[in-house]
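Worksheet for the structure shown next.
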Amino acid sequence: MADVRYYDVRSVRGEVTQIDIDNGVVESAGASFFDKTVIRVLGPRGWGILTRDHVDIDDRRELDGLVAAAARLAAVTKDAISLADAPRGVLAVPPLGEDPRDVDLEEKTRLLAGIEAAARIEGVANTRARYTEGIDAVRFRDSSENEYSFEAVRSGFSVLAIASKNGVMQMGSERDHITTGFNLRDKQGLGRKAGEVAVSLLDAKLPKGGAQRAILDPELAGVFTHEAVGHASEGDLVREGASVLGGKIGEEIGCRGLVIVDDPSLHEFGFIPVDAEGVAVQRTEIIRDGILRSFLHNRETLAAVGDGIPGHARAEHGAPPIVRMSNTFIENGDASYDELLAECRDGILLIGSRGGQVDPGRGIFQFNAEYGYIVRGGETTDMVRDVSLSGEILSTLHNITLIGDDRRMSPGYCGKGGQSVPVSDGAPHLLLEGAVIGGRGE
Amino acid sequence: MIGDDLIARILREGERRADEVEVFYARGTSVSAEIKKGILGTAEESEAWSMAIRTVRDGRIGSSSTGDPDRWKECLEAALASGRLATPQQWGGFPKPAEMAGTASSSDPDIVVAIEDAAGMVDALLAGAAEHPVEVVGGSADLARSYIAVANTNGVTYGMDRTVAAVSLEAIREQSTGYEFDASPFRADIDARSVGEEAAALAARSLGGSEVATGRYDVVLSPVAAASILGQVILPALSGRNVKAGRSFLADKVGEQVFDETLSVYDDPFAPGLGSTAWDAEGTPTRRLVFVEQGVLRRFAYDLKTGYRYGEGSTGSAVRSGGDTPGIGFHNLFIDGPRVKEPGDERAVWIHDVVGAHTANPFSGDFSVEISNPFWIEGGDLVEPIRTAMFAGNAFEMLRAIGGLGNDARHVGRLTIPSIRLNNQQIIGK
């Protein structure tokens with residue numbers, strides 16, 4: 001096939017177990033199955049990509065037919081793409097503490113019900129808990145004779161509590177997901193915490209909007225890292241001209257001492273043993289000492305943009321690989337939490353995350369805290385709710401005035417291009433000067 | 001084997017081990033031509049197949065799904081196993097064959113799922129964008145055709161075709177971005193050139209905005225911004241499941257004036273749209289449902305499970321995608337009302353879209369979001385761009401008194417919504 005410069009095929013055959021308990025009622029508990037294959041062909045210019053259910057990739061004739069069909073698609077493309085050479089290699093998948101497959105569905109349901117029940121404290125009107133387990137068998141093969149297979153096991157849950165009083169409704173939610181085994185035992189504490197947060201928010205105030213000093217807790221600071229820097233450093237956005245970080249390698253975009261890393265090799269929730277193009281994964285320092293050092297790349301964006309490290313291609317099953325984050329974090333500084341509070345003096349402490357979003361071309365991001373406290377004279381005082389923060393990518397990192405020494409990672413899912421992949425992000429506590437708080441309090 | 005024969009076989013096999021069995025089946029083909037850096041970069045074609053099985057035995061509902069026809073037995077076993085763990089509930093049976101209340105068309109015979117056609121739509125998008133001095137950073141044209149069917153052991157076997165044509169384009173000029181999109185079951189509804197032109201115009205015209213000081217302003221939400229905020233907050237509050245579980249702000253308010261007296265919210269499954277259908281995802285005949293009539297809350301939406309559990313009956317509001325279990329949703333939801341006054345006549349902050357709508361609190365209705373492509377609007381014209389700001393408010397409170405609905409209603413997914421003027425809202429400047 002003369003028009004095929006390269007092809008690869010990646011199949012994921014998997015089983016998803018989900019349990020949904022709503023106010024003590026087991027709404028559903030069971031398993032589903034999928035088997036998706038994506039065939040990519042690089043034609044004379046761009047990519048042709050096919051998605052199919054249930055392909056036998058060992059059947060040479062079937063595979064040849066699919067490669068030919070993808071090549072016909074590639075023929076309509078105009079973008080001249082080349083692929084950079086990249087190191088190969090597959091890391092060992094972390095050993096499983098307890099294999100979720102060894103625990104029967106009945107026990108999982110009982111354990112989840114325990115977490116959900118723990119959230120049902122005085123003042124809570126509704127509780128809901130969900131368990132999600134995924135067992136993926138991944139196989140990859142390309143036209144350069146690279147081939148690998150591995151198994152990914154993920155297990156975790158989320159719990160939501162809604163408190164209600166005099167027509168006011170507030171929520172508390174907690175989640176925990178891991179790639180290293182079964183993750184439902186001894187977690188009632190998180191259920192209880194969701195309930196407690198929901199109840200205490202009933203009496204929380206609405207914060208006043210405007211610029212002020214803010215301390216972000218490690219979970220929220222992780223989301224800040226992900227939204228403010230992570231997405232804009234993705235090589236595909238840089239290549240397409242959709243990131244304000246394009247052309248800024250070597251420039252000082254943050255404060256001294258700031259180190260921001262994406263590391264798919266860490267055994268956190270965003271771990272991958274090898275990327276979705278068969279490229280070896282490695283720690284990538286996006287920012288070192290405040291200076292922009294590296295973009296996150298796949299083979300295509302490395303060839304087009306340079307200045308970065310490949311191994312960041314990821315794909316949801318049944319979708320083509322795109323450049324993604326994995327485990328993204330700010331390295332520890334040396335300030336203690338008490339020093340941050342004292343330095344903040346008057347401002348706001350923001351805790352937990354309801355998610356965020358970024359427009360990387362415009363360089364503007366928004367993210368939302370679960371709750372917070374007004375800081376007065378270096379002490380936390382009144383609780384506040386429904387508080388979000390926005391900022392500009394190119395200036396916000398200069399506004400970090402102190403970096404804590406207590407980094408913690410939080411698991412979650414990140415959406416981009418219609419695909420959702422497991423990630424983690426984290427940071428130590430951070431102190432931000434002039435943070436724009438979007439509250440509607442007077 | 002992949003199709004009606006298999007469905008019949010699963011129903012037969014399942015009926016021996018459960019009181020009732022249901023199969024929901026979907027297959028489809030789609031193509032997508034994606035723009036990278038202003039030219040056609042990637043061509044994709046996808047074929048998908050999925051089947052979801054539900055079993056009911058003594059009020060215990062089990063479910064499973066598979067994308068692999070060879071695993072149907074495993075899938076049936078998994079559904080039965082899951083039913084053994086589910087909490088038993090009131091159950092009155094899957095639907096029996098019934099007369100439909102109307103007809104719905106959601107498929108266009110003229111749509112050909114061919115990459116060449118999608119590539120032609122990309123050319124039109126790019127030609128539209130070329131009207132303004134911007135760079136195109138991304139976008140796509142998608143064409144899809146699918147067949148979905150629901151069958152159960154009470155004799156229901158319904159099947160329908162669906163088509164979708166969709167386009168989107170993202171443009172940038174310096175640090176000013178613009179994004180536009182459109183989707184419809186009907187190819188003729190999609191004007192790719194004007195979508196490209198509008199995205200480029202947004203990027204070009206938003207450049208060099210002025211600052212806005214923190215304070216209270218009248219705002220006009222474009223249909224896109226209104227859909228983002230209301231979709232996150234108002235729609236979940238109309239779901240009967242959330243109402244009965246104590247998760248809806250609107251629970252206990254039926255018969256009350258909850259919104260401005262000009263506002264109505266209704267689902268019309270027979271109107272042409274992405275969600276048009278004469279039967280819902282469980283085979284219940286659909287009907288027109290008025291949730292809010294001139295500001296007064298009239299009813300909530302139910303599927304079979306929630307309807308039976310609380311003695312409300314299904315409103316034909318079950319929806320689902322692929323192998324997911326059914327949930328309560330809407331087919332073609334309209335937010336509508338008389339057009340008394342043009343929302344943009346008097347000076348206001350016009351908001352094209354928002355960043356971070358998904359972080360709104362769906363239970364309390366509180367939100368604070370970053371705004372995209374804001375302008376000062378006056379006499380119906382966007383007169384001057386605003387650089388950036390946040391918008392904070394409460395979605396339930398702000399609909400209690402609105403300052404007008406626009407004549408610019410458009411489809412945003414399954415929602416049809418006009419621009420909405422809201423007076424005296426909180427804007428946070430930088």
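Just a few scattered comments:
- For GluC sites (Glu not before Pro), the sites in the stretch A:201-302 that DSSP calls loop and that have at most 12 other Cβ atoms within 10 Å are A:E251.
- In straight-distance terms, cross-link reach from B:K96 covers every one of the lysines whose alpha-carbon lies under 16 Å from its own, apart from those fewer than eight places away in the same chain; here that gives B:K305.
- The region of chain B that goes longest without hitting one of the GluC sites (Glu not before Pro) in a DSSP loop, each with at most 12 other Cβ atoms within 10 Å, is B:257-430.
- 14 Å beta-carbon shell around A:T77, net charge (K/R +1, D/E -1): -1
- Sorted ascending by nearby beta carbons within 10 Å, beginning with the fewest, B:F181, B:F363, A:F224 become B:F181, B:F363, A:F224.
- Cα gyration tensor shape for the stretch A:90-195, rounded if a/c is under 1.5, else prolate or oblate: prolate
- Whichever lysines have a C-alpha closer than 23 Å to that of A:K78, once near sequence neighbours (fewer than 8 apart) are set aside: B:K36, B:K37
- A simple spin-label model places the labels of A:D405 and B:E77 5.6 nm from each other, with each point 7 Å out along Cα-to-Cβ.
- For chain B, the relative contact order comes to 16 percent (Cα pairs under 8 Å, sequence separation of at least 6).
- For the stretch A:282-293, Karplus couplings with θ = phi - 60° (6.51, -1.76, 1.60), whole Hz, Gly/Pro x: 7, 4, 10, 8, 5, 10, 10, 6, x, 9, 5, 10
- Dipole-positive endmost among A:G181, A:V76, A:A86 within the stretch A:6-201 (Cβ charges, Cα centre): A:V76
- Neighbour counts of other Cβ atoms within 10 Å put B:M100, B:M390 in the fewest-to-most order B:M100, B:M390.
- In order along the stretch A:86-93, the Karplus-derived 3J(HN,Hα) couplings, from 6.51 cos²θ - 1.76 cosθ + 1.60 at θ = phi - 60°, round to 8, x, 10, x, 10, 7, 6, 6 Hz, and Gly and Pro are given as x.
- Rg(Cα)/(2.2 N^0.38 Å) for the protein assembly as shown, N = residue count: 0.91
- Anisotropy class of chain B from Cα gyration tensor, a/c 1.5 cut: oblate
- For B:W350, the residues 5 or more places off, or on other chains, whose built amide H falls under 5 Å of its own are B:V220, B:F375, B:W376, B:I377.
- Helix-only [θ]222 nm of chain B, DSSP H runs n ≥ 4, -39500 (n - 2.57) each, per residue, nearest 500: -6000 deg cm²/dmol
- Lys/Arg +1, Asp/Glu -1 at C-beta; chain B dipole; positive extreme among B:L202, B:L169, B:S264: B:S264
- Dipole magnitude (debye, nearest 20) for the protein assembly as shown, charges at Cβ of Lys, Arg, Asp, Glu: 1320 debye
- Taking the charge dipole of chain B about its Cα centre, with +1 at Lys and Arg Cβ atoms and -1 at Asp and Glu Cβ atoms, the residue from B:W350, B:V340, B:I229 reaching farthest to the positive side is B:I229.
- Integer Hz, Karplus 6.51/-1.76/1.60 couplings in order for the stretch B:364-374, x for Gly and Pro: 8, x, 6, 8, 8, 10, 7, 9, 10, 6, x
- Within straight-line cross-link reach of B:K73, aspartates and glutamates at Cα separation under 19 Å, skipping those fewer than 8 residues along the same chain: A:E15, A:D35, A:D53, B:D4, B:D5, B:E13, B:E15, B:D19, B:E20, B:E22, B:D324
- Bridges between two residues of the stretch B:209-430, per DSSP, are antiparallel at a rate of about 85%.
- Helix-only mean residue ellipticity at 222 nm for chain A, each DSSP H run of n ≥ 4 adding -39500 (n - 2.57), per residue, nearest 500: -5000 deg cm²/dmol
- Among the trypsin sites (Lys or Arg not before Pro) within the stretch B:101-194, not one is in coil by DSSP while having at most 13 neighbouring Cβ atoms inside 10 Å.
- Neighbour cut-off at most 11 other Cβ (10 Å), DSSP loop, trypsin sites (Lys or Arg not before Pro), the stretch A:82-176: none
- Dipole magnitude for the stretch A:3-114: computed about the Cα centre from +1 point charges on Lys and Arg Cβ and -1 point charges on Asp and Glu Cβ, it is near 900 debye.
- Exercise: per-residue mean of other protein chain Cβ atoms within 10 Å, A:50-60: 3
- About the centre of its Cα atoms, chain A shows a dipole size close to 860 debye [charges on the beta carbon of Lys, Arg (+1) and Asp, Glu (-1) only; nearest 20 debye].
Here, each number is a calculation from the coordinates, and none is a lab measurement. Quick caveat, the model's predicted, so the values are computed rather than measured. Glycine gets a Cβ as well: all are built from the backbone with ideal geometry, and neighbour counts include every protein chain shown.
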